[in-house]
1. May I ask you to list the residues in segment 165-196 that are part of a loop (DSSP other than H, G, I, E, B) and under 23 Å from residue 109 (Cα atoms)?
2. Of all residues being crowded, with 18+ Cβ neighbours inside 10 Å and assigned to a loop (DSSP other than H, G, I, E, B) in segment 133-164, which is farthest from the chain's Cα centre (by Cα)? Just the residue, please.
3. Quick test of your reading of the structure: residue 209 fulfils all but one of (1) modelled with pLDDT of 95 or more; (2) farther than 18 Å from residue 130 by Cα; (3) open to solvent by less than 10 Å² (accessible area, probe 1.4 Å). Name the failing condition by number.
Amino acid sequence: MAVVLAASACSSGSDGKPAAASAKPVAATTAAPADPSSAPATTAAPSPTDLPTTAVPSATPSESSASKSASAKPSTSKPTSAKPSTSKPATTKPPAKPAGNLDPRCMTGRAMCVDKTTRKLTWVVDGVPQYSFEVRFGSAELPTREGAFSVFQKSRDHVSTLYHTSMPFAMFFSGGQAVHYSPDFAKNGYNGASHGCVNVRNKALITQLFDTVRIGDKVIVYRS
């Protein structure tokens, strides 16, 4: 049963250093004769292996001095200096523009975005267009109001209390103005006008929209 809260005004409307090895010399010994009549013992020649050895220096003084001199020279390479960064500071990107001709007010929440310039109604949810269809508006004498509104009443089988004409699937947003199906728009197109309402001629889509829209959803009427 339809409940009428407002008078309808439309008709269709992410290092160790190696140590030098040395051996201590072995002293030659003379053996004492065991008997005076016996011949004196000869002195034993030292074994080649008993001779003292002298370690060969690893480097001559001149070589050592040259090495020290070479290491004492200061480095001729220039010190590196840190270059200032040439990268540009990050900048915040501006918010994305609405798709097509959608008004920015339609980009949040649930909204019937009604563009009087393109004569299209687009159902938008959280900034994502769902579908669009053609609409018709009021005449110069009875214009469709522009601005931000919200649905305050729905009436599936509404009849205008002023013009006594059929306004099926009416969704009221401003006084007696509503978005609704118009048999006249379906038949005559833009040759006519509403009494201020937003007329729809696609019955299948207006039926789907009517069942989707909730009380409180936005209605934005503007010119792109």
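The values are calculated or read from the model by the stated rules, or taken from the named source; none is laboratory data. Keep in mind that this is a model prediction, so the values were computed, not measured. Because the Cβ atoms are built from the backbone with ideal geometry, glycine has one as well, and the counts that use them run over all protein chains shown. We work out accessible area using only protein heavy atoms, side chains counted, and drop any ligands, DNA or RNA first. Shrake-Rupley method; radii C 1.70, N 1.55, O 1.52, S 1.80 Å.
1. Within segment 165-196, just 175 meets the criteria.
2. Ranking the candidates gives 160 first.
3. So residue 209 meets the others, but not (2).
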